[in-house]
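The values are calculated or read from the model by the stated rules, or taken from the named source; none is laboratory data. The structure displayed is predicted, hence computed values, not measured ones. Cβ sites come from the backbone with ideal geometry, for glycine too, and all protein chains shown count toward neighbours.
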Amino acid sequence: MRLQCTVKAVLSGMVLLMTLGLAQGLFAADTVTGVILESGFSGVVVKAPGEKAGVKYNTGRETVYSPDDYRPLKGDTVTLAFYSKTARNDEEILAVSNLTLIKKDPNRKELTSPATGTIQEVGRRGIRFDFTEIGQVATMEQKRGMETVPDGWKPAAGDKVTVTFESVKARFGNKIVLVISKMEKTD
């Protein structure tokens, strides 16, 4: 009796492995290396060498980034593994399974903490800043108990500030969020 159960378990395990192996073959990924022309919420547009125009690739929760804390930005050279997938609206899309950074855009200046900029917009949870020194606009989340200098000051559009922040993995999705720990008015 015990031998029969073991044989059945081994056979069903083999069938499962064979099925998974065949399924993996159906979803085999193609790869492309190129420069990011656009980067947004739903994906990236990448122009590979020899192409006249960029191609839209959709990133999502199944996308694995390398390095882990990297998120695609315009001008970066990347390699991505992708496969064809049918979206909910029956549209055929190119879904990204792996996105690997090859080289950052050498002309881009990195946003580092603390940074000095101008507030563009203030929302309930986030604040949009214009960092003109590096030519970048960024939205950051306010941390509970965020320190403001002067004490009790309420941020408003047009205020010049120095912001101390940290990069944190988002609770939902596969994104990186900038969280403000201290904001100082510099007028």
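Key figures for this structure:
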{"read-out": "Residue ranges of strands (runs of 3 or more DSSP E) in the range 116-187 with at least 1 members farther than 26 Å from Arg61 by Cα, modelled with pLDDT under 85 and among the hydroxyl-bearing types (Ser, Thr, Tyr)", "value": "136-149"}
{"read-out": "Where Asp90 falls short, out of the listed (1) at pLDDT below 85; (2) in a loop (DSSP other than H, G, I, E, B)", "value": "(1)"}
{"read-out": "Some residue of the range 103-115 being loosely packed, with under 13 Cβ neighbours inside 10 Å and either in contact with a strand residue (DSSP E or B) (Cβ under 6 Å, 6 or more places away or on another chain) or assigned to a strand (DSSP E or B) (or both)", "value": "yes"}
{"read-out": "The range 66-85, subset loosely packed, with under 14 Cβ neighbours inside 10 Å and modelled with pLDDT under 90, residue nearest to Ser167 (Cα to Cα)", "value": "Asp69"}
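Table: residues versus (1) among the aliphatic types (A, V, I, L, M); (2) at pLDDT 85 or above.
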site	(1), (2)
Gly25	no, no
Val32	yes, yes
Gly40	no, no
Val44	yes, yes
Lys47	no, yes
Gly50	no, yes
Lys56	no, yes
Gly60	no, no
Val64	yes, yes
